[in-house]
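Here the structure is laid out as C-alpha cells; the discussion comes afterwards.
The values are calculated or read from the model by the stated rules, or taken from the named source; none is laboratory data. Note that the structure is a prediction, hence the values are computed from the model and not measured. Cβ placement follows ideal geometry from the backbone for every residue including glycine, while neighbour counts extend to all protein chains displayed. Just the protein is used for accessible areas: all its heavy atoms, side chains included, with ligands, DNA and RNA removed. Shrake-Rupley method; radii C 1.70, N 1.55, O 1.52, S 1.80 Å.
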Amino acid sequence: MPKRLSKFTQQGGQQLSKATERIAHGSLVSSHFFRRYMVQTVLILALLMTYIANRYDCVTGMETITKLRTKNQVVRTQLQRERSLYMTSVRESAIQHKADSLGLGLAVQQQPPFKLSYTPAE
C-alpha cells in the first residue's frame, strides 16, 4: 500500500509540475484556439472593455451626484439661516418704526440689562 500511495503522489507531483511549466511557458491554451475563435475573443474583449468603461462612468457619476446633494443641503441650510436673520431684523425695525410712530419714547437699549441681586438685611 505505501508504495502505491508513494507512486500516486509522485505522478500527481509530476502532473502538477508539468501544468505549472505549461502555464509558465504560455502553452496552457494553444494559439490554434485563439486563431479559431478570434472573432469571438475580440468581441468578448470589446464587450468587457465597454462594460468596464460604463461601470467607471456610472460610479464617478454617482459620486458626483452624492457630492452635489451634500452641497445642496449645505446651501439650503445657509439659505434658511440667512432668511431667519433677515426676518428677525425686519421685525425689529418694524417694531421700532411702530413705537416711533406712536410716540411711546421706546428705544433699543445700547447696554445689556443689569442683573439684580437681593441680599437680605441682617
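List of remarks:
- Within region 78-92, the residues that satisfy the criterion of being open to solvent by less than 80 Å² (accessible area, probe 1.4 Å) and of a type outside the set (Gly, Ala, Ser) are Thr88, Val90.
- The residue that is modelled with the lowest pLDDT, among those in region 93-111 that are open to solvent by 100 Å² or more (accessible area, probe 1.4 Å) and part of a loop (DSSP other than H, G, I, E, B), is Val108.
- Residue in region 42-51 that is exposed (fewer than 10 other Cβ atoms within 10 Å of the Cβ) and either closer than 30 Å to Ala19 by Cα or touching a helix residue (DSSP H, G or I) at 6+ places or on another chain (Cβ under 7 Å) (or both) present: no
- Enumeration of residues in region 24-34 that are surrounded by 10 or more Cβ atoms within 10 Å (Cβ to Cβ) and assigned to a helix (DSSP H, G or I): Phe33, Phe34
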